[in-house]
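The values are calculated or read from the model by the stated rules, or taken from the named source; none is laboratory data. Please read all numbers here as calculations on a predicted model, not as lab measurements. Note that we place each Cβ from the backbone using ideal geometry, even for glycine, and neighbour counts take in every protein chain shown.
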Amino acid sequence: MQAFQSHACTVIFYRVYADTGGVEFLSFTYTETKNNHPVITWRFPTESQDEYNNRETPLETLTACVTQEIALDEKLFPFQLTPQEPVYSDFVQSQKDRTGKHAKLVFLAQTEHTAFRTTPKDDRKLVGDKIEVETLGPPEWHEAEELHLMMEQRGTSFHRSALLKALETLAVEKKVFEKYINLLKKPAR
């Protein structure tokens, strides 16, 4: 897998119900404070790495994302990427140096493990000279169309696009395609 100086990896865990074609994705609420007001959005687990922190590969970033954001036990959370390469990529201007590109990579994954984090998790980050706290809600399974609607109301365009690209990848299964044909007609951005 190609290395990038600055990247973020989003992992979308899914399960497909063969009898109905129904798809569920694992997501959580993400709360950040802007102007002293909490802003809550629905997101998929995402971890960033930039050239100033270290030189981890996207796969290392993805693994850190899984263990830090959704796993109950950070050491015992087996999962499998399906497929091994990103199902969606987006390249934006780097926020750190404004001259480079930042790769946003989305992966699909499955796990039989059910020990997800059950409590909110605070993630602290230094922004300028102050510490900002982001809170990740407990991971929850949501049916694809329901989650897309939730993300339309409280989500980001990137995570909605990631959901649609993930669903498009899974729609090679006839029942999935038939069940979600109307949702798949929506533009990814």
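Name the single residue that is surrounded by the fewest Cβ atoms within 10 Å (Cβ to Cβ) among those in region 1-32 being out of contact with any Ser or Thr (no Cβ under 7 Å at 6 or more places or on another chain) and at pLDDT below 80. If we take residues in region 1-32 being out of contact with any Ser or Thr (no Cβ under 7 Å at 6 or more places or on another chain) and at pLDDT below 80, then GLN2 is surrounded by the fewest Cβ atoms within 10 Å (Cβ to Cβ).
Evaluation of THR118 against the conditions (1) touching a residue at least 40 places away in the same chain (Cβ under 8 Å); (2) within 18 Å of VAL87 (Cβ to Cβ); (3) part of a loop (DSSP other than H, G, I, E, B); (4) not charged (D, E, K, R) shows that the sole unmet condition is (2).
Looking for something within 21 Å of THR33 (Cα to Cα), at pLDDT 90 or above, among the hydroxyl-bearing types (Ser, Thr, Tyr) and part of a loop (DSSP other than H, G, I, E, B) - is there at least one such residue anywhere in region 129-139? Outline the logic, then answer.
Keep residues of region 129-139 that are within 21 Å of THR33 (Cα to Cα), which gives 129-139.
Those still in the list that are at pLDDT 90 or above too: 135-139.
The next check asks that each one be among the hydroxyl-bearing types (Ser, Thr, Tyr); those that pass are 135.
If we keep only those that are part of a loop (DSSP other than H, G, I, E, B) as well, we get none.
For region 129-139, residues within 21 Å of THR33 (Cα to Cα), at pLDDT 90 or above, among the hydroxyl-bearing types (Ser, Thr, Tyr) and part of a loop (DSSP other than H, G, I, E, B): absent.
Of the strands (runs of 3 or more DSSP E) contained entirely in region 21-70, those carrying at least 2 residues that are touching a Gly at 6+ places or on another chain (Cβ under 6 Å) fall at 22-34, 37-43.
Could you list all residues from region 153-180 that are at pLDDT below 90 and either hydrophobic (A, V, I, L, M, F, W, C) or part of a helix (DSSP H, G or I) (or both)? Once the filter is applied, which keeps residues that are at pLDDT below 90 and either hydrophobic (A, V, I, L, M, F, W, C) or part of a helix (DSSP H, G or I) (or both), region 153-180 yields GLN153, SER157, PHE158.
Note on region 102-128: residues that are modelled with pLDDT under 85 and either surrounded by 13 or more Cβ atoms within 10 Å (Cβ to Cβ) or polar (S, T, N, Q) (or both) amount to 5.
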